[in-house]
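What follows is a short report on a single structure.
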Amino acid sequence: MADHGSSSAPGFDFGDEEQVGASRAVPQARRVAVLLPLPLPEAYDYKVPAGMELGEGNYVEVPLGPRHLLGVVWGPGAGEVSDTKLRPVAQRFDIPPMPEIHRRFIDWVAAYTMAPPGAVLRMALSAIGGMEPPKPITAYQLGDPGRLAELRMTAARRRVLDLLADGPPRPSAELALEAGCSAAVVRGLADAGVLEPVLLHPTRNIPAPDWRLPGPVLSPEQAAAAESLRGKVAAAGFSTTLLDGVTGSGKTEVYSEAIAACLEAGRQVLVLLPEIALSAQWLERFATRFGAPPHQWHSDLSGTQRRATWRDVATGAARVVVGARSALFLPYPDLGLILIDEEHDPSFKQEDGVIYNARDMAVARAHLGAIPIVLVSATPSLESSINADAGRYGRLDLPARHGGASMPDLKLIDLRLDRPPRNRWLAPSLVTALTETFAEGEQAMLFLNRRGYAPLTLCRSCGHRMQCPNCTAWLVEHRLAGKLQCHHCDFTMKLLDVCPSCSAEGSMTACGPGVERIAEEVTQLFPDQRMALMTSDSLIGPHAIREMVRRVQDHEIDLLIGTQVMAKGHHFPMLTLVGVVDSDLGLGGGDLRAAERTYQLLQQVAGRAGRAERAGRVFLQTYMPEHPVLQALISGDRASFYEREADERHEHGMPPFGRLAALIVSGEEETTVDVVARALGRTAPRSETVQVLGPAPAPYALLRGRHRRRLLLKAPRAVSVQPLIAEWLSRVEVPGSVRVQVDIDPYSFL
Ligand code: ADP
Ligand code: ZN
């Protein structure tokens, strides 16, 4: 298969162009194929009961074994099961059918990721109950006036009757509240027949974002980028654009113009953000810009919110949806624009269940729907950057910060020369910079991507290291919580006084720093400064995050210490110093993307400094000051760094120049896992162009109690790997106790 030029997403081809038509009615046949949200290989046939009209995309309830399940009519029945054995569809839900584009998208994702279509459908039906209209509520209006004569009138009863005489029917609780009486009074009137019940269908009052509201006056560069995006929306065809601009350049303001254009055209907008729970500031800005909040979709929603949101999307009432990667699978009837903010972020890759990259799937969704998609980043992924350079994607650059704010000044601290004292982690020059910052009444941030107090605990007498019994991982000390914890499974244990191996007392020692340990050091150095930890352990839920962001903005905190939770998107005007405690973390290991990712993360962290009038300073502590990633950061020469990374990938046939797919074989019994892994190794498709590496123990050879082996398939871009892998898997018998997961375009090599 050849490249499709402009219609090609990062690692895949779309096949022949097809026209998207209207939802077809299933022909006269009284059977339909219903796809169920289960990992089944295909849709099942059901009988259409007399009097029920069904078309493709209808949401239905069907029996399966003893259960009743929600499903979607996927097409006409296949007819393999005899009529007499067919079970009937139980119910059709009264909600617009799943759009054809969406069904094709689900099939496409399933084929691409090699997941069963039902497993992908499950992500689209993740709000069970959303298909049912909200329950009607009982309200009361005046009933038979004849009954009044028999009624013993009281003051309370009078008030209720007066209220209803010149008002709409109301539920009893509301009436009681307004009339200042108990609900029993209303009930009494209803029992006497003076009031009669009516069913009200609740209407949700959904304020719509208003595209007419003016945005800020854009700079000429911003205006040009915004105009270009408005043009793509107006053209209403498939296009991919990379919006590449330094942090603080106004990318959000620019793409807001594209949102406005799409709203004006009357179509829906989807914005994907990494970790929506962290994006309180984004939501506030949106509400200010458009006068109403967007619909949100993420894992912290309550069941009721999920159902309502799902329904609002399906009916088209939701105009703008902002969400985490799963928002891509909502059934938009008229999606007109997709935006992916921080498109390089690894959290767009889902690593369990259906393994997919939401950014790449979003490009496919945009292609199917013939709509524009905009990828936004200050540090684009190498894939997107290469696609833009090759002309497959459009590119819009915003090279300067808005309003003349200067980019922060980045400096390396060579820890070999500028040594922290023993058992301390901050170099003297960083401590000096902190002192200066506090003296100016400004804020500082220390970044270390390590939760807890120390990443490793060992015995000074015998050298025993505390390891997780279920995973190939050290136990992390969380001193504040008084425990050792595995960050991969739920295993925790109390902190130890005695070595479990040699029984030496008081010999257990914390090795290396986590954020808690940095906090301890800083408290000793600066006892008068107000400090806060910002990690996923201390910030649980969107409220805690919002509150923390507010405290920093209101300058109730002088020093923030945190992990990558803190790196994302926040805008703190008084923050002028950023210290990266360990810039080398993440550079080790042979991971394909180690350098790229570290660059992106550190650049993003650095971007937190000096976002307003005050200039920012960034210090990167390192033992490898000559490392290309660190050199690229301090020189600000991103282009040559990306170029070198791209050359290297090109030379080795790595993505996006070649394709990768991983097989992960896992199970509780090591020998069985090995047998399957070796069988896969023997039967692997190998040719002049296709290589298979492995099987090899995964870096996490034991994870949550499962032994793991990996195989990696490498092929040129022109090879379609899915059929190869399907054939390969069909040649090997896999017992039920072993799982083989396919990871197309792997991101993590763990
Ligand atoms: P980015 O998304 O590129 O990091 P933002 O859109 O968040 O940049 O802009 C950074 C800050 O500058 C925000 O507070 C934003 O409101 C402000 N800003 C950007 N462009 C303008 C503009 N044209 N007029 C007024 N304020 C702007
Ligand atoms: Zn574990």
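The values are calculated or read from the model by the stated rules, or taken from the named source; none is laboratory data. These numbers were taken from a predicted model, which means no experiment stands behind them. Neighbour counts run over all protein chains shown; Cβ positions are idealised from the backbone, glycine included. What goes into the accessible areas is simple: the full protein's heavy atoms, side chains included, and nothing from ligands, DNA or RNA. Shrake-Rupley method; radii C 1.70, N 1.55, O 1.52, S 1.80 Å.
Tabulated data for the structure shown
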{"quantity": "So T689, is it out of contact with any helix residue (DSSP H, G or I) (no Cβ under 6 Å at 6 or more places or on another chain), at pLDDT 95 or above and on the phi < 0 side of the Ramachandran plot", "calculated": "no"}
{"quantity": "Odd one out for A362, checked against (1) more than 25 Å from R230 (Cβ to Cβ); (2) open to solvent by less than 10 Å² (accessible area, probe 1.4 Å)", "calculated": "(1)"}
{"quantity": "Condition broken by S219, with the remaining ones in (1) over 28 Å from the mean Cα position of the chain (by Cα); (2) open to solvent by 40 Å² or more (accessible area, probe 1.4 Å); (3) farther than 30 Å from G143 by Cα; (4) not β-branched (V, I, T) satisfied", "calculated": "(2)"}
{"quantity": "Top-ranked residue in region 482-509 [being within 16 Å of ligand 2 (Cβ to nearest atom) and hydrophobic (A, V, I, L, M, F, W, C); ranked as nearest to the chain's Cα centre (by Cα)]", "calculated": "C489"}
{"quantity": "Output for region 527-546, where each listed residue is assigned to a helix (DSSP H, G or I) and open to solvent by 60 Å² or more (accessible area, probe 1.4 Å)", "calculated": "H543, R546"}
{"quantity": "Restricting region 452-492 to residues that are farther than 24 Å from G562 by Cα and part of a strand (DSSP E or B), the residue that is most open to solvent (accessible area, probe 1.4 Å)", "calculated": "R465"}
{"quantity": "Selected residue (only one of V254, V271 is within 21 Å of V565 (Cα to Cα), open to solvent by less than 10 Å² (accessible area, probe 1.4 Å) and more than 16 Å from ligand 2 (Cβ to nearest atom))", "calculated": "V271"}
{"quantity": "Selection status of A615, surrounded by 20 or more Cβ atoms within 10 Å (Cβ to Cβ) and assigned to a loop (DSSP other than H, G, I, E, B)", "calculated": "no"}
{"quantity": "L417 being free of Cβ contacts under 8 Å to residues at least 40 places away in the same chain, away from ligand 2 (no atom under 16 Å from the Cβ) and outside any helix (DSSP H, G or I)", "calculated": "yes"}
{"quantity": "Residue in region 132-147 that is outside any loop (DSSP other than H, G, I, E, B), of a type in the set (G, A, S), touching a residue at least 60 places away in the same chain (Cβ under 8 Å) and more than 27 Å from M52 (Cα to Cα) present", "calculated": "yes"}
{"quantity": "Strands (runs of 3 or more DSSP E) wholly inside region 276-364 containing at least 2 residues that are free of Cβ contacts under 8 Å to residues at least 60 places away in the same chain", "calculated": "295-297, 320-323"}
{"quantity": "Evaluation of G579 against (1) at negative phi; (2) within 24 Å of the chain's Cα centre (by Cα) (one fails), failing number", "calculated": "(2)"}
{"quantity": "Options P207, P214; residue that is more than 27 Å from R359 (Cα to Cα), within 16 Å of ligand 1 (Cβ to nearest atom) and part of a loop (DSSP other than H, G, I, E, B)", "calculated": "P214"}
{"quantity": "Residues located in region 146-179, provided they are open to solvent by 60 Å² or more (accessible area, probe 1.4 Å) and of a type outside the set (D, E, K, R)", "calculated": "L148, A149, M153, A155, A165, P168, A173, L177"}
{"quantity": "Selection count where residues are basic (K, R) and under 24 Å from I561 (Cα atoms), scope region 493-531", "calculated": "2"}
{"quantity": "E227 open to solvent by 40 Å² or more (accessible area, probe 1.4 Å) and either over 25 Å from Y59 (Cα atoms) or within 16 Å of ligand 1 (Cβ to nearest atom) (or both)", "calculated": "yes"}
{"quantity": "Verdict on R92 being among the charged types (D, E, K, R) and within 30 Å of I371 (Cβ to Cβ)", "calculated": "yes"}
{"quantity": "Lone unmet requirement of (1) open to solvent by less than 30 Å² (accessible area, probe 1.4 Å); (2) more than 16 Å from ligand 1 (Cβ to nearest atom); (3) touching an Asp or Glu at 6+ places or on another chain (Cβ under 8 Å); (4) over 30 Å from C459 (Cα atoms) for G514", "calculated": "(4)"}
{"quantity": "Selection from region 373-412 of residues that are open to solvent by less than 60 Å² (accessible area, probe 1.4 Å), in contact with a Leu (Cβ under 6 Å, 6 or more places away or on another chain) and either on the phi > 0 side of the Ramachandran plot or not in a loop (DSSP other than H, G, I, E, B) (or both)", "calculated": "V374, L375, V376, S384, A388, L396, L410, L412"}
{"quantity": "Condition broken by M548, with the remaining ones in (1) touching a residue at least 60 places away in the same chain (Cβ under 8 Å); (2) away from ligand 1 (no atom under 16 Å from the Cβ) satisfied", "calculated": "(1)"}
{"quantity": "Top-ranked residue of region 75-129 - restricted to ones that are among the basic types (K, R) and either free of Cβ contacts under 8 Å to residues at least 24 places away in the same chain or not in a loop (DSSP other than H, G, I, E, B) (or both), ranked as nearest to W297 (Cα to Cα)", "calculated": "R122"}
{"quantity": "Flag if P695 is under 17 Å from L592 (Cβ atoms), more than 16 Å from ligand 1 (Cβ to nearest atom) and either crowded, with 19+ Cβ neighbours inside 10 Å or touching a residue at least 40 places away in the same chain (Cβ under 8 Å) (or both)", "calculated": "no"}
{"quantity": "Hey, L630 of a type in the set (A, V, I, L, M, F, W, C), open to solvent by less than 60 Å² (accessible area, probe 1.4 Å) and over 18 Å from V246 (Cβ atoms) or not", "calculated": "yes"}
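Each row is one residue, and each column tells you yes or no for (1) within 7 Å of ligand 1 (Cβ to nearest atom); (2) free of Cβ contacts under 8 Å to residues at least 24 places away in the same chain; (3) touching a Leu at 6+ places or on another chain (Cβ under 9 Å).
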residue: V233; (1), (2), (3): no, no, yes
residue: G237; (1), (2), (3): no, no, no
residue: T240; (1), (2), (3): no, no, yes
residue: K251; (1), (2), (3): yes, no, yes
